[in-house]
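Below is one structure, written out as structure tokens; the observations come after it.
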Amino acid sequence: MLSVLTVASVSLLTWHCIVNDPTMEPPIKREVSWESLAIAYGILAFQFDIHPTILSVQMDMEKRDQLAQPILAAFLSKNYILSKNHKAMSYDLTH
């Protein structure tokens, strides 16, 4: 119950700050591409599918206490790949 209240309060406070930010500029309208849809789907699928996957992987491991190492390696490699992809795709939005 405490975790539900924590997530709900953080979500509400975040949305409150976003909506009431006086310095917020209108969003830049971009065309939706297949790549952005694939990235959005991947993010959502990861968020909802990773917990059961981690639990089933942990149950299949011989040394269950070492689960943190592959998870950390997966997050670091994913962030590395996304940062390289972001640098390659970034462009100046001031024009």
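The values are calculated or read from the model by the stated rules, or taken from the named source; none is laboratory data. This one's a predicted model, so the numbers in the text were calculated from it and none came from an experiment. Cβ atoms come from the backbone with ideal geometry, glycine included; neighbour counts cover every protein chain shown.
Computed values, structure above
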| quantity | calculated |
| --- | --- |
| Hits in region 50-95 - residues which are at pLDDT 75 or above, part of a loop (DSSP other than H, G, I, E, B) and not charged (D, E, K, R) | M61, L67 |
| Count of region 1-57 residues which are under 21 Å from L82 (Cα atoms) and basic (K, R) | 1 |
| Every residue from region 27-63 that is touching a Lys or Arg at 6+ places or on another chain (Cβ under 9 Å) and closer than 20 Å to A73 by Cβ | F46, Q58 |
| Checking I39 against (1) modelled with pLDDT of 75 or more; (2) outside any helix (DSSP H, G or I), the condition it does not meet | (2) |
| The lone exception for N20 - which of (1) surrounded by 10 or more Cβ atoms within 10 Å (Cβ to Cβ); (2) modelled with pLDDT of 80 or more it fails | (1) |
